[in-house]
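Reviewing the structure listed below.
The values are calculated or read from the model by the stated rules, or taken from the named source; none is laboratory data. What you see is a predicted model; the values in this text were computed from it and never measured. Cβ sites come from the backbone with ideal geometry, for glycine too, and all protein chains shown count toward neighbours. Calculation scope for accessible area: heavy atoms of the full protein, side chains included, ligands and nucleic acids excluded. Shrake-Rupley method; radii C 1.70, N 1.55, O 1.52, S 1.80 Å.
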Amino acid sequence: MQAGEATISIGADWPRLSMAQVQAALTAPGAPFEMATETIRGVPTRVWKNAPATLAQLVAFSRSHGERLATIHEDERVTFDAQFRAIATLARHLQDSGIGKGDRVALAMRNMPEWPVAFFAIVAIGAICVPLNAWWTPQELAFGVRDSGAKMLIVDRQRHDRMDGDYAALPTLETVIVARARTPLSAPARALEEVIGSCADYASLPEVALPEVAIAPDDDATIFYTSGTTGKPKGALGTHRNLVTNVFSSAYIAARAQLRRGEVPPAVPQPKVGLLVIPFFHVTACSASLMGAMASGTTLVLMRKWDPAQALALIERERVQMTGGVPTIAWQLLEHPDRAQYDLSSLEIIQYGGAPSAPDLVRRIYEVFGAMPGNGWGMTETMATVTQHSAEDYLNRPTSCGPPVPVADLKIMGSDGSGELPVGEVGELWARGPMIVKGYWNCPEATAETFVDGWVRTGDLARLDEEGFCFIVDRAKDIIIRGGENIYSIEVEDVLYAHPAVTDAALVGMPDRVLGEVPVAVVHLCPGCVAGEEELRAFVRARLAAFKVPVAVRFSDTVLPRNANGKIMKDELRAMFAGS
């Protein structure tokens with residue numbers, strides 16, 4: 001479907017069922033999304049009754065997808081059966097190498113078929129996978145290995161070369177396995193291909209079963225490092241239950257949208273083809289995307305690195321049905337000058353999270369692609385999905401990140417210790433549910449401060465409406481207080497995004513001798529678009545109170561810098577105003 005062929009038209013009889021009716025139907029006793037109550041770290045918690053108990057069970061189930069493709073990477077195509085063979089073979093090798101339950105294995109590589117193979121081989125034997133940010137410097141990678149106490153490191157050639165093959169300063173590290181090495185390796189490194197061959201060899205690996213290891217749902221499974229915009233990363237300690245919860249949470253959202261419009265959802269999630277453009281070391285890709293793909297038989301098309309032109313070509317070639325990541329990716333697909341040259345009619349869903357999105361993006365996804373938009377909220381500490389927003393609900397509430405999934409709870413707390421706030425008031429968002437991680441690895445003080453009686457204090461400012469839909473207002477630390485007036489950056493950013501020339505925008509606060517802080521903006525314009533500073537300031541002034549208008553606007557030639565979670569690195573943007 002090309003631009004202009006679709007319009008937003010939601011029938012007068014939508015929704016056929018209320019949110020409460022949908023939840024009652026889908027979670028009733030005997031229904032696919034039935035819930036149960038389990039005690040997790042002393043707190044009674046709702047869980048998905050039919051979810052796999054462990055990641056090893058999920059791996060075993062994934063083999064039932066047989067010859068359906070699990071991953072596509074350039075010319076490499078790996079089926080679910082072949083992927084299982086590689087996982088089982090590598091899992092046994094890890095055991096033979098001395099890796100046991102509770103041992104940490106660090107994993108640092110870009111998105112390629114070896115990543116899920118390594119991940120599931122590690123967790124299937126009860127070891128703890130430590131996905132490291134593949135963009136990190138050698139010093140940062142070394143920090144992750146040291147902080148986690150990893151006994152083994154699995155890397156691709158680029159990460160091995162980046163560390164110069166020098167692991168002497170990492171005392172806990174006993175073994176290094178390198179994927180796709182091009183030069184001879186010396187101890188403690190060896191080639192992954194010596195164990196499982198190349199991707200083309202997976203299908204011919206011998207038939208072996210997964211090792212039998214006693215694993216409980218709340219046993220440790222992962223350490224994902226937070227990618228905050230300031231400070232040293234903290235390792236969020238996740239469990240098997242945390243990750244498998246996303247399998248059913250994502251499936252529930254799809255079924256909810258179908259019931260809301262009067263359709264009967266299929267008995268099991270239907271496999272699709274998805275273009276994955278966010279890195280596996282991010283919980284959105286690993287937990288929210290990869291777990292669901294293993295359960296549903298969805299094919300993941302992987303990119304070496306993000307490139308909008310290549311993405312458009314892949315969508316056409318592989319008949320991709322869903323993609324997304326962060327809002328910037330959706331904007332770049334929409335604004336690409338060659339978009340009309342590609343057949344994008346296969347697209348059904350474009351979903352994203354990790355960063356605020358402009359309401360106009362929701363409308364344009366539907367009008368231009370004929371696809372349903374999707375959004376959600378989560379964080380490393382929640383192992384991704386807590387709320388999810390999709391389809392007609394998102395079109396009707398484009399500034400919301402959706403209601404919580406049925407196994408999760410949200411509440412809004414006063415920052416002054418006044419307790420829980422009533423509906424509609426803005427305060428700090430707290431969340432709980434079976435997706436909340438245990439705490440921070442080796443950080444007891446930070447754990448005690450952030451995790452309280454099963455709740456995680458998110459640091460996000462938000463409000464809830466009468467139906468439980470969540471509206472993220474800002475990061476608590478990003479509020480700009482100008483002369484005593486609070487400015488929520490997302491509100492101003494949404495207005496800037498609504499300008500037809502703007503495809504990326506951020507508002508930051510700068511010190512001011514009189515007012516304390518003043519708002520300034522950085523924007524990136526779409527190709528061929530023109531807009532000046534005064535035009536943009538006037539655009540905001542016509543729509544918001546005068547105190548919210550940026551006192552200055554700077555222009556970036558590229559999209560704004562983001563961390564691995566897709567959040568704009570606002571500290572870097574402030575440097576553009578230094579000395580002003």
Name the residues in the stretch 21-56 that are surrounded by fewer than 19 Cβ atoms within 10 Å (Cβ to Cβ), in contact with a Ser or Thr (Cβ under 7 Å, 6 or more places away or on another chain) and in a loop (DSSP other than H, G, I, E, B), would you? GLU34
Taking the condition of a type in the set (Gly, Ala, Ser) and either in contact with a Gly (Cβ under 6 Å, 6 or more places away or on another chain) or touching a residue at least 60 places away in the same chain (Cβ under 8 Å) (or both), does ALA86 pass? yes
So, in the stretch 180-189, of the ones that are farther than 23 Å from ASP147 by Cα and either hydrophobic (A, V, I, L, M, F, W, C) or open to solvent by 60 Å² or more (accessible area, probe 1.4 Å) (or both), which residue ends up nearest to the chain's Cα centre (by Cα)? ALA181
Scanning for something part of a helix (DSSP H, G or I), under 21 Å from ALA60 (Cα atoms) and open to solvent by 50 Å² or more (accessible area, probe 1.4 Å), does the stretch 203-212 turn up at least one residue? yes
If you scan the stretch 452-464, which residues turn out to be touching a residue at least 24 places away in the same chain (Cβ under 8 Å) and either out of contact with any Pro (no Cβ under 9 Å at 6 or more places or on another chain) or within 11 Å of LEU410 (Cα to Cα) (or both)? ASP453, TRP455, VAL456, ARG457, THR458, GLY459, ASP460, LEU461, ALA462, ARG463, LEU464
Do you know which residues across the stretch 293-304 are open to solvent by 20 Å² or more (accessible area, probe 1.4 Å) and either touching a strand residue (DSSP E or B) at 6+ places or on another chain (Cβ under 7 Å) or at pLDDT below 95 (or both)? ARG304
I'd like to verify a number: residues in the stretch 507-530 that are closer than 21 Å to ASP557 by Cβ, without any contact (Cβ under 8 Å) to a residue 40 or more places away in the chain and either surrounded by fewer than 20 Cβ atoms within 10 Å (Cβ to Cβ) or not small (Gly, Ala, Ser) (or both), how many? 5
Just the residues that are out of contact with any Leu (no Cβ under 6 Å at 6 or more places or on another chain), part of a helix (DSSP H, G or I) and within 16 Å of VAL551 (Cα to Cα), please, taken from the stretch 465-494. GLU491
Can you say whether ASP156 is under 20 Å from PRO279 (Cα atoms), within 23 Å of the chain's Cα centre (by Cα) and free of Cβ contacts under 8 Å to residues at least 60 places away in the same chain, as far as the supplied structure shows? yes
From PRO406, PRO500, PRO422, which residue is open to solvent by 30 Å² or more (accessible area, probe 1.4 Å), closer than 27 Å to PRO15 by Cα, not in a strand (DSSP E or B) and not polar (S, T, N, Q)? PRO422
If GLN258 satisfies every condition in (1) assigned to a loop (DSSP other than H, G, I, E, B); (2) without any contact (Cβ under 8 Å) to a residue 24 or more places away in the chain but one, which is the exception? (1)
If only one of ARG92, ARG46 is touching a residue at least 40 places away in the same chain (Cβ under 8 Å), among the charged types (D, E, K, R), touching a strand residue (DSSP E or B) at 6+ places or on another chain (Cβ under 6 Å) and over 15 Å from CYS199 (Cα atoms), which one is it? ARG46
Verdict on VAL386 being open to solvent by less than 10 Å² (accessible area, probe 1.4 Å), in contact (Cβ under 8 Å) with a residue 24 or more places away in the chain and out of contact with any helix residue (DSSP H, G or I) (no Cβ under 8 Å at 6 or more places or on another chain): yes
Looking at the stretch 305-354, which of the residues that are small (Gly, Ala, Ser) and outside any loop (DSSP other than H, G, I, E, B) is most open to solvent (accessible area, probe 1.4 Å)? ALA340
Can you tell me which of GLU174, GLU114 is over 22 Å from TYR440 (Cα atoms), open to solvent by 10 Å² or more (accessible area, probe 1.4 Å) and touching a residue at least 60 places away in the same chain (Cβ under 8 Å)? GLU174
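Filter the stretch 73-99 for residues that are out of contact with any helix residue (DSSP H, G or I) (no Cβ under 9 Å at 6 or more places or on another chain) and more than 18 Å from VAL208 (Cβ to Cβ); which is most open to solvent (accessible area, probe 1.4 Å)?
Of all residues in the stretch 73-99, those out of contact with any helix residue (DSSP H, G or I) (no Cβ under 9 Å at 6 or more places or on another chain) come to 74-75, 95-98.
Now narrow it down to the ones that are more than 18 Å from VAL208 (Cβ to Cβ): 74-75, 98.
Values: GLU74: 97, ASP75: 145, GLY98: 43 Å².
Out of the qualifying residues, it is ASP75.
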Under 24 Å from THR558 (Cβ atoms) and of a type outside the set (A, V, I, L, M): does that describe ASP504? yes
